[in-house]
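Take a look at the structure below.
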Ligand SMILES: [Zn+2]
């Protein structure tokens with residue numbers, strides 16, 4: 001027979017797990033909120049264009065993202081602006097989804113500048129600006145710090161490396177980084193989308209497109225490159241590529257030209 005003392009102890013342990021308070025989130029103090037807002041207003045055009053209600057929602061999503069993803073640096077210490085810009089790059093593509101958790105990400109590591117396949121950022125051939133980790137690097141994203149800042153500068157044009165990498169993560173969320181985000185894109189668009197990718201790649205190859213030629217690498221790079229353009233220069237993208245714009249708007253559930261969440 002089980003001694004009563006063990007039963008009583010088991011009962012108390014059960015009570016503890018049933019009634020314990022959920023772990024409180026780190027409160028963000030008012031001064032930090034105010035200085036974060038100032039940084040967002042100064043550096044993030046996407047945030048500047050949001051209505052007041054949407055800004056609050058955006059801020060809450062940034063904090064939520066930063067509560068489960070660590071922002072680290074190799075050869076540098078990330079400052080508050082770096083942390084915010086990484087979080088903005090994560091939230092901009094998913095802002096139309098209400099709430100999206102990046103299941104496949106635990107940390108973003110900032111390198112001072114470009115790096116190579118061995119993650120060296122000094123000497124030799126280095127041309128990588130950002131990368132989503134695979135294998136032993138699974139769950140990590142590596143970003144060039146200078147590319148992160150450049151993506152949010154006024155001279156960024158249609159490029160934003162960090163948004164590009166987060167779009168790869170969204171693409172990967174259905175199990176394959178293949179340029180076809182099956183769990184996000186409305187099903188009826190998938191076949192037209194693949195057709196459009198190949199038509200546009202051919203135009204780029206013949207010098208008849210203003211899309212960054214890196215997009216011809218493969219379908220996954222095409223999706224990430226046109227998504228950067230979609231979020232960075234939506235008016236220009238819609239005017240030059242109305243069909244691609246329409247599909248991306250219905251995939252990301254956002255119409256950045258009308259500044260609307262769909
Ligand atoms: Zn890429």
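All of the numbers you see were taken from the coordinates with simple rules; none came from a lab. For clarity, every value in this text was computed on a predicted model and none was experimentally measured. Backbone-built Cβ (ideal geometry, glycine too); neighbour counts: all protein chains shown.
Pick from 146, 153: which is surrounded by fewer than 15 Cβ atoms within 10 Å (Cβ to Cβ), more than 14 Å from the ligand (Cβ to nearest atom) and within 30 Å of residue 41 (Cβ to Cβ)?
153
Exactly one of (1) farther than 25 Å from residue 237 by Cβ; (2) in contact with a helix residue (DSSP H, G or I) (Cβ under 8 Å, 6 or more places away or on another chain); (3) touching a residue at least 60 places away in the same chain (Cβ under 8 Å) is unmet by residue 103. Its number?
(2)
So residue 126 passes all but one of these: (1) part of a loop (DSSP other than H, G, I, E, B); (2) closer than 30 Å to residue 249 by Cα. Which condition number does it fail?
(2)
Pick from region 172-191 the residues that are closer than 11 Å to residue 251 by Cα and without any contact (Cβ under 8 Å) to a residue 60 or more places away in the chain: which of them is surrounded by the fewest Cβ atoms within 10 Å (Cβ to Cβ)?
So, considering only residues that are closer than 11 Å to residue 251 by Cα and without any contact (Cβ under 8 Å) to a residue 60 or more places away in the chain, the one surrounded by the fewest Cβ atoms within 10 Å (Cβ to Cβ) is 187.
Select from region 192-237 the residues that are away from the ligand (no atom under 16 Å from the Cβ), assigned to a loop (DSSP other than H, G, I, E, B), under 24 Å from the mean Cα position of the chain (by Cα) and crowded, with 18+ Cβ neighbours inside 10 Å and list them in ascending order.
Hit for region 192-237 is 233, nothing else.
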